[in-house]
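One structure below.
The values are calculated or read from the model by the stated rules, or taken from the named source; none is laboratory data. Just so we're clear, the structure is a prediction, and the values are computed from it rather than from any experiment. Note: ideal-geometry Cβ built from the backbone for every residue, glycine included; neighbour counts use all protein chains shown.
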Amino acid sequence: MNLELTPAEDLSLQHLLENGLAILDQQSLHKTRRIQTLEGLSRIFSEADSASQALHAQNLLFGVEQRPALERFSLFFRRLDRYFGESLSDRLEEASDVFIKLKKNKKPTKGACKRARELIERLLSAFNEERSMSPLEAPQFFNSLG
Amino acid sequence: MPERAERQFCAFFLARLAHETARLKDMPFPGHSTGPKKWLNLVSGLIDTAGSYLELAGKHAIPESEASKLIREAERLGGLAYRALGHVVGSDATLIPHEIVAPLQRWVDGLKIKNTIFFRAEHLPNYELAWFDLKRWRTDLNNPSRSLIGAIDRINWPLLRVTVPGQALGMLPHYAVVGHELGHGVQDQIKPDLTQKKADLEACVQRITVRLAVSSFGRKEQLELVDILANWVDELKADAVGHLLAGPAFYFALCGYLELAGQTYGISRTHPPSDLRRRLLVAELAKGSPSHIEVFEGKTGLRITETVNSSHVPFCPPPDSLFSELKRPYGPLVAAICVELVPYLEVVASIIFAETESFVRRVAPDLIYEPRKLAHDLDSHLDLISVLVPPIEYRDSTGVHAAGLASILNVGWAALLTRLDRMNKPRGPVLSPVAGKMEQLHELLLRAVELSEARRVWEEQV
């Protein structure tokens with residue numbers, strides 16, 4: 001839980017996802033940055049995937065047991081369910097597999113990389129939309145209406 | 001690239017922020033708390049990182065689109081730093097009684113909470129624990145400044161900020177609610193096994209689907225239920241910790257808070273209904289022989305009930321009416337989940353309270369406030385506090401010792417609820433005789449906290 005900082009406002013998360021895209025596009029990234037990015041992304045997608053599987057198995061207590069996984073899955077579900085629907089779980093599992101493979105210097109398939117890329121791009125786009133749509137502070141009135 | 005007005009204004013904004021941050025770093029914080037200064041160092045780190053983005057954006061070799069992105073991100077970092085400054089407002093010595101910080105820190109240390117923590121007050125009837133976790137910014141943010149890396153490394157994450165009401169509601173006995181907030185600090189370490197009541201959860205889901213008149217419970221519904229259930233379980237864990245640390249004082253303080261916080265049902269996505277929380281806590285206070293309730297009634301004549309100190313907090317209406325009422329602000333799904341979770345939570349509450357007790361007994365057995373300690377404290381101090389003798393120390397078979405915070409809070413509540421009429425009228429102008437007596441009691445308890453802490457420090461050093 002990180003109060004008052006929404007995922008859309010989290011610049012470090014944005015950088016992590018953008019660096020993930022750079023890796024998928026085979027752009028050069030400093031070695032340490034590449035390792036940190038793959039570490040971060042495989043953790044995020046693995047947690048989201050484990051929560052997705054827990055929901056699929058009707059384990060309604062997983063939020064009590066694994067709060068971070070719940071929050072991670074919510075991050076994706078609330079923004080990407082409208083695009084991916086039922087296939088979101090498979091997408092998360094596949095993306096998790098892609099980044100774990102890259103971390104181990106193995107080569108995921110082009111198709112899997114393309115779909116992981118789409119997932120990240122959709123998420124970044126949703127964040128951008130949220131930031132653009134966030135309202136300015138409204139004037140406040142403390143008048144009696146009586 | 002040409003100088004952009006946006007870049008120049010952002011640089012000015014950051015310079016102003018840096019100046020304001022430096023000014024705040026010079027302020028005294030109660031109890032020599034290092035938390036606010038560590039947070040302010042983080043703010044400086046964010047400002048420096050934003051400054052480095054701006055510098056890069058001003059280089060000629062940077063393409064226009066990249067420069068624009070860097071300026072936008074510098075503005076976002078500056079905005080975050082500005083908001084972060086707001087988080088330390090109220091943590092200085094002008095709003096928080098300096099006497100209370102060290103004893104509360106003993107609770108923190110006793111519960112083995114290693115997180116960096118600070119206390120702040122605001123002018124609202126609000127107690128809350130805020131978590132800030134920016135640890136990943138060290139590795140995930142592009143080009144963090146050295147000062148940001150250093151600040152992140154010096155904080156034990158997540159950083160916790162405990163908010164308490166400002167002076168008007170900051171009467172010392174109410175600080176017992178902080179026990180609940182510290183419970184949120186350890187909630188993830190408490191792992192009740194709720195699988196033993198799986199059938200009750202399935203029945204709860206069934207009732208929700210009937211109430212919503214749907215045939216299946218999809219992922220959206222599941223996720224909502226999982227989220228609300230996790231929130232409610234965490235609230236009960238925190239209540240249990242508050243109860244274990246402070247016994248009746250926590251209950252009275254929670255009730256006082258619920259009474260002043262708007263006299264609502266209390267039920268929401270984040271909190272179970274207040275009447276359920278009161279009922280569960282009274283059940284805990286009634287446990288043992290003698291129980292807290294028996295001891296308190298025996299020594300003061302006051303029976304602890306579900307409405308004591310909170311008689312205007314309403315009980316929830318029957319489920320169908322509650323569903324109708326909750327549907328308006330929350331929509332049918334959240335309303336149905338909240339209504340149908342109540343009986344389930346009541347079933348699993350004993351497991352949550354037992355597991356929390358087991359956790360606290362394991363990590364901090366000395367912090368548990370037992371009924372026999374309450375009996376000893378009321379015997380030793382209640383009559384004396386009526387004649388303005390503060391509860392600073394107590395005697396047992398091993399000698400004289402400093403009174404603990406829980407003892408002072410419980411004696412304070414007992415005096416507040418049952419002995420005000422015996423206290424002499426305070427001298428000087430007062431708004432009302434009762435308010436004057438309460439102020440006097442508050443001052444007396446603050447003195448007790450300060451002197452008992454001094455005595456404890458002395459005991460630890462000789």
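Here are some notes:
- Within segment B:165-221, restricting attention to residues that are within 30 Å of residue B:368 (Cβ to Cβ) and among the hydroxyl-bearing types (Ser, Thr, Tyr), the residue that is surrounded by the most Cβ atoms within 10 Å (Cβ to Cβ) is B:175.
- Cβ-Cβ under 6 Å pairs, at least 6 apart or on other chains, segment B:436-462 side of a type outside the set (A, V, I, L, M, F, W, C), far side in a helix (DSSP H, G or I) and surrounded by fewer than 19 Cβ atoms within 10 Å (Cβ to Cβ): B:437/B:420
- First in segment A:36-61 and within 9 Å of chain B (Cβ to nearest Cβ), second anywhere and among the aromatic types (Phe, Trp, Tyr), Cβ under 6 Å, 6 or more apart: A:51/A:73; A:52/A:73; A:54/A:62
- Meets criteria (in contact with a Pro (Cβ under 6 Å, 6 or more places away or on another chain), in the same structural domain as residue B:413 (by TED's automatic domain parsing) and not aromatic (Phe, Trp, Tyr)) for residue B:381: yes
- Test: residue in segment B:256-273 that is part of a helix (DSSP H, G or I) and either of a type in the set (Phe, Trp, Tyr) or at pLDDT 95 or above (or both): yes
- A single member of A:56, A:30 is surrounded by fewer than 20 Cβ atoms within 10 Å (Cβ to Cβ) and within 20 Å of residue B:218 (Cα to Cα), and it is A:56.
- Positions within segment B:280-336 being β-branched (Val, Ile, Thr) and buried (at least 16 other Cβ atoms within 10 Å of the Cβ), in sequence order: B:282, B:293, B:295, B:300, B:304, B:308, B:313, B:334
- Some residue of segment B:375-384 being modelled with pLDDT of 90 or more and more than 27 Å from residue B:241 (Cβ to Cβ): yes
- Number of the exception - residue B:388 against (1) in contact (Cβ under 8 Å) with a residue 12 or more places away in the chain; (2) of a type in the set (A, V, I, L, M); (3) part of a helix (DSSP H, G or I): (3)
- Residue that is surrounded by the most Cβ atoms within 10 Å (Cβ to Cβ), among those in segment B:63-121 that are more than 14 Å from chain A (Cβ to nearest Cβ) and in a strand (DSSP E or B): B:119
- Taking segment A:7-35 as the range and being touching a Lys or Arg at 6+ places or on another chain (Cβ under 9 Å) and either β-branched (Val, Ile, Thr) or facing chain B (nearest Cβ under 8 Å) (or both) as the test, the residues that pass are A:9, A:11, A:12, A:13, A:16, A:19, A:23, A:35.
- Residue list for segment B:187-200, filter: out of contact with any Phe, Trp or Tyr (no Cβ under 7 Å at 6 or more places or on another chain) and part of a helix (DSSP H, G or I): B:187, B:188, B:194, B:195, B:196, B:197, B:198, B:199
- Of all residues in segment B:25-40, those being in contact with a Ser or Thr (Cβ under 7 Å, 6 or more places away or on another chain) and in a helix (DSSP H, G or I) number 4.
- Given (1) over 28 Å from the mean Cα position of the chain (by Cα); (2) polar (S, T, N, Q); (3) at pLDDT 90 or above, number of the condition residue B:432 does not satisfy: (3)
- Count of segment A:108-143 residues which are loosely packed, with under 10 Cβ neighbours inside 10 Å and within 25 Å of residue A:43 (Cα to Cα): 2
- Here segment B:122-138 is the region considered, the condition is being surrounded by fewer than 19 Cβ atoms within 10 Å (Cβ to Cβ) and more than 14 Å from the chain's Cα centre (by Cα), and the residue that is modelled with the lowest pLDDT is B:123.
- Among the residues of segment B:207-253, those that are within 14 Å of another protein chain (Cβ to nearest Cβ) and assigned to a loop (DSSP other than H, G, I, E, B) comprise B:216, B:217, B:218.
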